[in-house]
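Have a look at the structure below before the remarks.
The values are calculated or read from the model by the stated rules, or taken from the named source; none is laboratory data. Values in this document were obtained by computation on a predicted structure and should not be read as measured data. Quick reminder, even Gly has a Cβ in these numbers, built from the backbone with ideal geometry, and neighbours come from all protein chains shown. Surface areas here come from the heavy atoms of the whole protein model, side chains and all, with no ligands, DNA or RNA. Shrake-Rupley method; radii C 1.70, N 1.55, O 1.52, S 1.80 Å.
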Amino acid sequence: MPNTDYQNIIQQLYEQIQSEENFGEVATYIPELSKVNPDYFGIHLTTIDKREFGAGDHLTKFSIQSISKVLSLSIAYELLGDAIWERVDVEPSGTAFNSLLQLESDYGIPRNPFINAGAMVICDMLLSHFKHPDQELLQYIHDITGNSDIQYNPLLAASEKKIGYRNFALCYYLKSFDNIENRPEDVLDFYFKMCSLEMTCQELSHVFLFLADENFLNQHHKPVITLSKAKRINAIMQTCGFYDESGEFSFRVGLPGKSGVGGGIIALHPDKYCIAVWSPKLNAKGNSYKGMKFLEMFTTSVESSIF
Ligand code: GLU
């Protein structure tokens, strides 16, 4: 019988992990990210019947970075349907999130929508469809959560643009294969802005509830996404959500999820809950050290995962 005393379990694991050594490094390649206090640690869980459980710094905003790629994918998939899979694949890449390696042999088709190249192709689709995709994305989030306090951080976006040589290379490379329709500069501006979204763990666990709850309706009482599309997005999170550590996350935690280099992780249990964890120090594969540890201990303690 799964143990659903979430508050006690979260609090106990939080205290245990806080008392242990915090390994890893804060992402420093984006100057603005390197300023974050490495000791932050927060957890927030929201159940599909809207019960809330939190610990630590769960109400502090942070940069969600790549976690945002799930939202842009959801919008593009709902808008354009299966046509999106002609331009981006659904296979784990087994390489780093910003790798150029496979693009040459794959003729400019990124392995999945969560590596940088794939997320740029999705941004390009939204840019072709909307005049202001950044505003549409924000509106989408506000409609899901009913919370207009969620915003971009322009300082962070500018800071990443300044040093984003590899992302520039990726986007121009994709363009050379005709897999970018718009000006690469415009795609990158939207991409950097999207990655600069800031949320608390509580807000993150609210935003992603639509992928856990098949009856989820937004503020306009409309479904955010069809059930079959939610299933597929969860499947891509399960197989590709953690860079080249996706197999390890699946093995240790057993839930679909997505991480970001800001140290955030979201994971969800379909029909049960969405949980967000944040701790800025990253392991060698770029995933939050404490975040991975917490989620492994959490699904072990509650004795429930999707497997
Ligand atoms: N904006 C980051 C980059 O493109 C996102 C990386 C991540 O969170 O995985 O490098």
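Numbers below:
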quantity: Positions within the stretch 48-63 being under 17 Å from Pro38 (Cα atoms) and either at pLDDT below 95 or among the β-branched types (Val, Ile, Thr) (or both), in sequence order; calculated: Thr60
quantity: Check on Asp124, of a type in the set (Asp, Glu), within 16 Å of the ligand (Cβ to nearest atom) and closer than 25 Å to Val224 by Cβ; calculated: yes
quantity: Residue list for the stretch 47-71, filter: assigned to a strand (DSSP E or B) and within 16 Å of the ligand (Cβ to nearest atom); calculated: Phe62, Ser63
quantity: Pick from the stretch 15-34, criterion farther than 16 Å from Gly260 by Cα and of a type outside the set (Phe, Trp, Tyr), ranking: least open to solvent (accessible area, probe 1.4 Å); calculated: Ile17
quantity: Selection from the stretch 160-182 of residues that are free of Cβ contacts under 8 Å to residues at least 24 places away in the same chain and away from the ligand (no atom under 16 Å from the Cβ); calculated: Lys175
quantity: Per-region count, the stretch 178-233, residues assigned to a helix (DSSP H, G or I), under 21 Å from Pro270 (Cβ atoms) and open to solvent by 20 Å² or more (accessible area, probe 1.4 Å); calculated: 7
quantity: Those residues of the stretch 91-106 which are part of a helix (DSSP H, G or I), open to solvent by less than 50 Å² (accessible area, probe 1.4 Å) and without any contact (Cβ under 8 Å) to a residue 24 or more places away in the chain, in sequence order; calculated: Gln102
quantity: Flag for Leu209 being out of contact with any strand residue (DSSP E or B) (no Cβ under 9 Å at 6 or more places or on another chain) and modelled with pLDDT of 95 or more; calculated: no
quantity: Subset of the stretch 274-292 [open to solvent by 40 Å² or more (accessible area, probe 1.4 Å) and out of contact with any helix residue (DSSP H, G or I) (no Cβ under 6 Å at 6 or more places or on another chain)]; calculated: Ala284, Tyr289
quantity: Restricting the stretch 1-43 to residues that are outside any loop (DSSP other than H, G, I, E, B) and among the hydrophobic types (A, V, I, L, M, F, W, C), the residue that is farthest from the ligand (Cβ to nearest atom); calculated: Ile9
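One line per residue, one yes/no per condition, for (1) within 16 Å of the ligand (Cβ to nearest atom); (2) more than 22 Å from Met199 (Cα to Cα); (3) part of a helix (DSSP H, G or I); (4) open to solvent by 30 Å² or more (accessible area, probe 1.4 Å):
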residue: Leu45; (1), (2), (3), (4): no, no, no, no
residue: Leu73; (1), (2), (3), (4): yes, no, yes, no
residue: Asp89; (1), (2), (3), (4): no, yes, no, yes
residue: Gly108; (1), (2), (3), (4): no, yes, no, no
